[in-house]
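Q: Sharing a structure, written as structure tokens. Questions coming.
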Amino acid sequence: MAECTHETADAHAIEAQIPALRRYARALTRNPERAEDLLQDCVERALKRRHQFQPGTNLRTWLFTILHNLNCDDLRREQRRGRHVPVEEWSATAQMPADQPGYVYLRDIDRALDGLAEKDRQILLMVGCNEYSYEEASQELDIAVGTVKSRLSRARARLKDLNARPN
């Protein structure tokens, strides 16, 4: 029977520290719900392991250490797993934009490129897509740099005109 009263006394001593533990948990987590979970875990662990408490030492310090260590464990676990987000929070925003507008745009560009003369398409693809410099395109095609610039300008204008027309 004496052990039962000793357990009750330990429980009352731990219970007396709950307000301070709650404040510390809220300061650590900055989240009231998470702080309450942390506090509950701390009290549970303290009650289960009260035999590890050294009589004559500071109970409050022991409890704060348990709380701190539990929080560190939670942070490490969260870092390994990633943050827990309830399904209700992300399901409404978990959507991908439709691919069709991009495909339609690419199809229209492809059709417009097909409508260009070969020399216009070639210079446009070299400089516009393959990132050739004017000088590199000039050497590759064996034409003057000025010719590259004027062909590119005309090719862009034709492409813009072809792209503006309805299909």
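Q: When you look at residue 80, is it in a helix (DSSP H, G or I) and touching a residue at least 24 places away in the same chain (Cβ under 8 Å), yes or no?
A: no
Q: State which residue is nearest to residue 53 (Cα to Cα) when the search covers only region 20-33 and only residues that are open to solvent by less than 70 Å² (accessible area, probe 1.4 Å) and not β-branched (Val, Ile, Thr).
A: Among residues in region 20-33 that are open to solvent by less than 70 Å² (accessible area, probe 1.4 Å) and not β-branched (Val, Ile, Thr), the one nearest to residue 53 (Cα to Cα) is 21.
Q: Could I ask something else about it? Identify, by number, the condition in (1) over 42 Å from the mean Cα position of the chain (by Cα); (2) of a type outside the set (A, V, I, L, M); (3) not in a helix (DSSP H, G or I) that residue 131 doesn't meet.
A: Only one criterion is unmet by residue 131, namely (1).
Q: OK, next. What are the residues in region 56-72 that are in a helix (DSSP H, G or I) and either aromatic (Phe, Trp, Tyr) or exposed (fewer than 12 other Cβ atoms within 10 Å of the Cβ) (or both), if any?
A: 61, 62, 64, 72, listed by residue number.
Q: Among the residues of region 73-88, how many are surrounded by 10 or more Cβ atoms within 10 Å (Cβ to Cβ), out of contact with any Leu (no Cβ under 9 Å at 6 or more places or on another chain) and acidic (Asp, Glu)?
A: 2
Q: Just checking, how many residues over region 138-167 are of a type in the set (A, V, I, L, M, F, W, C), modelled with pLDDT of 90 or more, part of a helix (DSSP H, G or I) and over 22 Å from residue 112 (Cα atoms)?
A: 1
Q: Next up: Among the residues of region 90-103, what is the count of those that are open to solvent by less than 60 Å² (accessible area, probe 1.4 Å) and either touching a residue at least 24 places away in the same chain (Cβ under 8 Å) or assigned to a helix (DSSP H, G or I) (or both)?
A: Within region 90-103, residues that are open to solvent by less than 60 Å² (accessible area, probe 1.4 Å) and either touching a residue at least 24 places away in the same chain (Cβ under 8 Å) or assigned to a helix (DSSP H, G or I) (or both) number 1.
The values are calculated or read from the model by the stated rules, or taken from the named source; none is laboratory data. The shown structure was predicted, so the numbers you read here are calculated from the model rather than taken from an experiment. Every residue, glycine as well, gets a Cβ built from its backbone with ideal geometry; the counts of neighbours run over all protein chains shown. Ligands, DNA and RNA are excluded from the accessible area calculation, which covers all protein heavy atoms including side chains. Shrake-Rupley method; radii C 1.70, N 1.55, O 1.52, S 1.80 Å.
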